[in-house]
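First up is the structure itself, then whatever we jot down about it.
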Amino acid sequence: MKINKSSDHTSLNKNKMNYNVNEKGYYGAFGGAYIPEMLYPNVEELRLNYLKVMKEESFQEEFKDLLKEYVGRPTPLYFAKRFSSKYNAKIYLKREDLCHTGAHKINNTIGQILMAKRLKKTRIIAETGAGQHGVATATVCALMGLECIVYMGEIDIERQAPNVARMKMLGATVVPALSGSKTLKDATNEAIRDWINNPIDTHYIIGSVVGPHPYPDMVARFQSVISQEIKVQLQEKEGRTNPDYVVACVGGGSNAAGAYYEYLDSPDVGIIAVEAAGKGIYSGESAATSVLGKTGIIHGSKTLLMQTQDGQITEPYSISAGLDYPGVGPMHAHLYQSGRGEFLSITDDDAMKAGLELSQLEGIIPAIETSHALAIFKTRKFNPEDIVVVNLSGRGDKDLNTYIDYFKL
Ligand SMILES: *Cc1c(COP(=O)(O)O)cnc(C)c1O
């Protein structure tokens with residue numbers, strides 16, 4: 001139906017749900033900026049400027065040029081013939097694994113480094129868990145010749161030695177977080193402390209659609225290039241811009257947000273989000289936030305969060321380091337709560353099998369994060385004529401040791 005401007009807000013809200021952020025930084029009940037007073041000037045500077053900067057023609061030109069010449073976009077939308085015939089649906093893979101550095105994360109770090117330059121920042125900080133976002137950040141800092149400090153939990157530094165070496169080789173300083181559980185959330189605390197102490201010259205590059213407003217919206221916009229390309233590519237291949245379903249794995253939710261972005265307000269496109277069930281949703285070792293989470297505050301934003309009765313954040317678990325996060329971004333919390341998104345979860349075992357299967361059916365070794373999204377076809381059935389786009393968020397090279405151990409290769 002057509003909604004004219006004079007229609008009152010209740011009917012407008014009833015007929016057209018909005019899945020994007022509002023002016024106050026909320027997605028439904030989720031989002032906002034729950035930050036210490038001392039961080040307010042930094043976040044406010046970004047909030048006041050990010051949309052203005054992104055709209056500048058020179059910004060758009062530089063962003064698009066780097067995505068093309070440096071990242072290698074557009075990434076192909078590949079029709080997976082053998083995988084499709086196995087699961088009896090028309091399955092397309094959006095090949096983010098072919099991006100420079102091997103995953104979608106670079107779309108965001110390119111966007112944010114250009115933002116930082118426009119805001120006259122000379123020093124970049126980031127937090128990283130598995131090291132993938134740290135590598136994507138160190139990469140763009142090298143590209144732009146900016147100082148780069150990456151905070152990483154001491155335990156993660158031990159577990160993720162190859163990515164630590166990559167960051168160092170790219171010229172970044174990797175600072176161990178020694179407090180708490182010495183993992184991602186402690187690294188995040190260190191990065192926030194650094195930002196409070198360096199409000200003028202430093203930009204904090206957050207790696208997913210998490211954190212205080214405007215980060216979730218800014219990161220989603222940078223990643224939205226994924227669904228912009230899908231629209232054009234599907235039009236060429238199928239004569240229509242919209243698939244029946246778009247599927248993505250969700251850690252914090254950035255590759256998913258990018259794949260859904262252009263389709264959020266198109267009810268003909270089903271949105272499927274895949275979380276990590278670890279050893280089973282109720283095993284106590286999982287990262288299935290939508291099922292297990294309750295509203296809480298993490299990383300400066302109100303969202304669904306795995307927590308104990310008294311509000312302590314629960315340690316998440318997944319075989320995949322990129323999905324091992326106790327929350328989801330506020331956009332996804334809203335997609336879940338509003339029913340717009342269909343949320344599924346996949347165990348370690350089923351993900352690993354799906355990764356092996358795609359390798360042998362299509363000659364593509366996916367990241368274990370992505371393998372979760374591929375595993376849904378075993379149980380979630382589609383019609384043979386359904387067009388299903390799966391966002392292939394990253395390549396499996398980084399996960400080879402995990403695949404080797406699991407399959408005794
Ligand atoms: C980091 C990562 C993810 C999870 O992060 P999102 O913000 O949820 O996209 C998924 N896939 C790959 C390959 C990753 O590197």
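Every read-out reported here was derived from the displayed coordinates using simple, explicitly stated rules and does not represent laboratory data. Since we're looking at a predicted model, the values are computed, not measured. Glycine gets a Cβ as well: all are built from the backbone with ideal geometry, and neighbour counts include every protein chain shown.
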For region 374-396 and region 137-160, compute the distance between their C-alpha centroids and round to whole Å. 33
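What number does region 40-118 give for Rg over Rh if you use C-alpha atoms and the Kirkwood radius?
Details: Rg = 17.2 Å, Rh = 14.8 Å.
Here Rg/Rh amounts to 1.17.
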Region 288-347: Kirkwood hydrodynamic radius (Cα pairs, Å) comes out at 11.8
Can you compute log10 of I(q)/I(0) for region 163-307 with the Debye formula, treating each Cα as one identical point scatterer, at q = 0.11 Å⁻¹? -0.57
For the chain, list the DSSP H helices whose alpha carbon atoms reach 15 Å or more along the long axis and whose average Kyte-Doolittle value is -1.0 or above? 40-55, 105-118, 132-144, 184-197, 225-238, 348-362
Dipole magnitude of the chain about its Cα centre, charges +1 at Lys/Arg Cβ and -1 at Asp/Glu Cβ only, in debye to the nearest 20? 720
Under 5 Å, built H, 5+ apart or other chain: amide partners of Glu342: Ile271, Ile272, Ala273
Going residue by residue through region 204-214, the Karplus relation 6.51 cos²θ - 1.76 cosθ + 1.60 with θ = phi - 60° gives ³J(HN,Hα) values, rounded to whole Hz and with x marking Gly or Pro, of 9, 8, 8, x, 8, 7, 10, x, x, 3, x
Hey, if you put +1 on the Cβ of every Lys and Arg and -1 on every Asp and Glu Cβ in region 302-370, which of Ala333, Gly363, Met352 ends up farthest toward the positive end of that dipole? Ala333
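What is the gain in length, in nm to one decimal, between Ile404 and Ser181 on full extension, counting 0.36 nm per residue of separation less the C-alpha to C-alpha distance?
Values: separation 223, 0.36 × 223 = 80.28 nm, distance 2.75 nm.
Going from the current span to full extension adds 77.5 nm.
Find the all-direction average of the projected area of the Cα convex hull for region 262-409, expressing the result in square nanometres with one decimal place.
Directional mean of the projected Cα hull area for region 262-409 stands at 10.0 nm².
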31 Å Cα-Cα threshold exceeded, pairs from Lys105/Lys353; Lys55/Lys182; Lys64/Lys182; Lys24/Lys378; Lys121/Lys302: Lys55/Lys182; Lys64/Lys182; Lys24/Lys378
Region 214-256: which trypsin sites (Lys or Arg not before Pro) are DSSP loop and have at most 16 other beta-carbon atoms within 10 angstrom? Arg240
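With the contact rule set at Cα under 8 Å and sequence spacing of 6 or more, what percent relative contact order holds for the chain? Show your work: numbers first, answer last.
Numbers: 834 pairs, mean separation 78.8, N = 409.
It comes to 19 percent, rounded to a whole number.
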Rounded to the nearest 0.05, what FRET efficiency do Thr122 and Glu69 give with R0 = 30 Å and r taken as the Cβ-Cβ distance? Could you check? 0.80
Region 22-84: chymotrypsin sites (Phe, Trp or Tyr not before Pro) falling in loop per DSSP and having at most 16 other Cβ within 10 Å: Tyr34
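Show me the three semi-axes of the equivalent ellipsoid for the chain, from the C-alpha gyration tensor (sqrt of 5 times each eigenvalue), largest first, rounded to whole Å. Walk me through the numbers before you get to the answer.
Details: eigenvalues 169, 136, 98 Å².
Over the Cα atoms of the chain, the ellipsoid semi-axes are 29, 26, 22 Å.
I need the trypsin sites (Lys or Arg not before Pro) found in region 356-409, filtered to DSSP loop residues with at most 13 other beta carbons within 10 Å of theirs. Don't skip to the answer; put the middle values down first.
Values: sites: Lys378, Arg380, Lys381, Arg395, Lys398, Lys408; in loops: Arg380, Lys381, Lys408.
Answer by residue number: Lys381, Lys408.
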Within the chain, cysteines having no neighbouring cysteine beta carbon under 4.7 Å are Cys99, Cys249
Taking a crude spin-label model, label points 7 Å out from Cα along the C-beta direction, the Asp265 to Glu285 distance in nm is 4.5
Treat each spin label as a single point 7 Å out from the Cα along the C-beta direction, and report the Ser58 to Glu44 distance in nm. 2.7
